[in-house]
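Next up is a structure, given as structure tokens.
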Amino acid sequence: MRLDPQRLSRIFQKLLAIAPNVGDVQRHAKSTVPGVMDLHLEILERSCGYRRIALSHFYRRPSGELAPGPSMTVAVFFDWLQAEALTYRDADRYEQSYPVEGEPPDLAVHTHLNIVLERWLDLLAEEGHLVLLDSENSTPEVRCDK
């Protein structure tokens, strides 16, 4: 088993299909589609050509309070036109592609999470999700001095 660069490229393209301005999101943005859970996008880390983001669903309980649904963190590499799943969390489990910081990924978990992410992005697109910016949630691209 090895990393699949074609899958990481497809994930990048599918992410841009639902969040075309992901590089310009300052802190957070969301997509609301009637009849399905809102999709939340949060910027966890920003640097030149890179974002670490969280994609999350929240659902409304009968009491009216919001409860977390599935959530994934994703590394987005703009220079390489690739994105990869870093973590997955739901009510029952937590998985991470890179269990030891600075070490290579657990390839079985990495492959599984990227398959899950790619399928989820397909579903989000089918549902009509589109994360758009408003003026208070956008910022220019991080400057890169080379």
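Taking H as built 1.01 Å from N, whose amide H comes closer than 5 Å to the amide H of residue 78, not counting residues under 5 places away?
Long-range HN contacts for residue 78: 50, 51.
Choose one answer from 61, 46, 89: the residue with the largest mean-square fluctuation in a GNM of the chain with alpha-carbon springs under 10 Å.
61
Sticking with this one: Using the Karplus equation 6.51 cos²θ - 1.76 cosθ + 1.60 (θ = phi - 60°), what ³J(HN,Hα) coupling, rounded to whole Hz, does each residue of segment 45-61 give in order, writing x for Gly and Pro?
8, 10, 8, 4, x, 9, 9, 10, 10, 10, 10, 9, 10, 10, 10, 9, 6
Could you check which residue among 101, 42, 126 shows the biggest mean-square fluctuation in a GNM of the chain with a 10 Å Cα cutoff?
Greatest mean-square fluctuation among the candidates belongs to 101.
Turning to a different aspect of this structure: Once you charge only the Cβ atoms, +1 for Lys and Arg and -1 for Asp and Glu, what is the size of the charge dipole of the chain about its Cα centre, to the nearest 20 debye?
80
Right, something else. Could you give the length gained on full extension between residue 44 and residue 17, defined as 0.36 nm per residue of separation minus the Cα-Cα distance, in nm?
This chain segment gains 7.7 nm when fully extended.
Now, a different point. With contacts defined as alpha carbon pairs under 8 Å and 6 or more residues apart, what's the relative contact order of the chain in percent?
30
Go ahead and set up a Gaussian network model of the chain, Cα springs under 10 Å, then flag whichever of 83, 75, 91 fluctuates most.
91
Over the chain, consider all pairs of different Cα atoms and compute the Kirkwood hydrodynamic radius from their mean reciprocal separation; express it in Å, one decimal.
After inverting the mean inverse Cα-Cα distance, the result is 15.9 Å.
Next question, about the same structure. Expressed in nm to one decimal, what extension gain is obtained for the pair residue 100 and residue 60 from 0.36 nm per residue of sequence separation less their Cα-Cα distance?
Residue separation times 0.36 nm, minus the Cα-Cα distance, leaves 10.9 nm.
Full-extension gain between residue 119 and residue 6, please, as 0.36 nm times their residue separation minus the C-alpha to C-alpha distance.
Extending this stretch completely gives an extra 39.2 nm.
Also, quick follow-up: With a 10 Å radius around each residue's Cβ, average the other Cβ atoms per peptide and rank 65-73, 18-26, highest first.
With the highest mean Cβ count within 10 Å placed first, the list reads 18-26, 65-73.
If I take every Cα pair under 8 Å that is 6 or more residues apart in segment 1-74, average their sequence separation and divide by the length, what percent do I get for the relative contact order?
In percent, rounded to a whole number, it is 18.
Every number in this text was worked out from the coordinates using simple rules, so none of it is lab data. Keep in mind it's a predicted model, so treat the numbers as computed, not measured. Virtual Cβ from ideal backbone geometry, glycine too; neighbours counted across all protein chains shown.
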